[in-house]
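Visitor: Take this structure first; my questions come after.
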Amino acid sequence: MNFWVLIYRFAWLVVITSCVVAVVCVFLPKTHNYQTLQKRKDGLEQGNALMESRDRQLQQNQKRFRSDPAFVERVAREQGMAMPGETIFRFPATNSLPRKVTP
């Protein structure tokens, strides 16, 4: 009789273990997919925050273009523009350093 009780308990152990393994096999890919989607969401939220920051900066610049003539002039000069009657002189950039003369 003890032999049959042992087989009965072993069978239940196999059934429960199989159920646990089945549940793990079903949900493990789902958790990996969830983590991947969560990382993607975090990256998109950072991108959105960056875009919102850039949008606010552009809106501020747009307001300044409408109301601040000194800002408009500074930006225009940075772009190489000049007022009527002004002459722009451009000099070639010198990227070489002075050479050391050896006697």
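Visitor: Rounded if a/c is under 1.5, else prolate if a/b beats b/c, else oblate: with a ≥ b ≥ c from the C-alpha gyration tensor eigenvalues square-rooted, which is the stretch 1-40?
Guide: Details: a/c = 10.58, a/b = 7.72, b/c = 1.37.
Here the stretch 1-40 falls in the prolate category.
Visitor: Based on DSSP H runs of at least 4 residues, each adding -39500 (n - 2.57), what is the mean residue ellipticity at 222 nm of the chain after dividing by all its residues, to the nearest 500 deg cm²/dmol? Please report the intermediate quantities before stating the final value.
Guide: On the way: 2 runs with 76 residues, N = 103.
Result for the chain: -27000 deg cm²/dmol, rounded to the nearest 500.
Visitor: Follow-up. Among [x] 33, 28, 27; [y] 113, 61, 12; [z] 52, 30, 25, only one was calculated for this model; which label is it, if the read-out is Cα extents along the principal axes in Å?
Guide: [y]
Visitor: Hey, what angle do you get for helix 2-67 against the long axis of the chain, alpha-carbon based, 0 to 90 degrees rounded to 10?
Guide: 10
Computed from the coordinates by the stated procedures, all read-outs in this text should not be read as laboratory data. Owing to the predicted nature of the structure, the values given are computational and were not obtained by experimental measurement.
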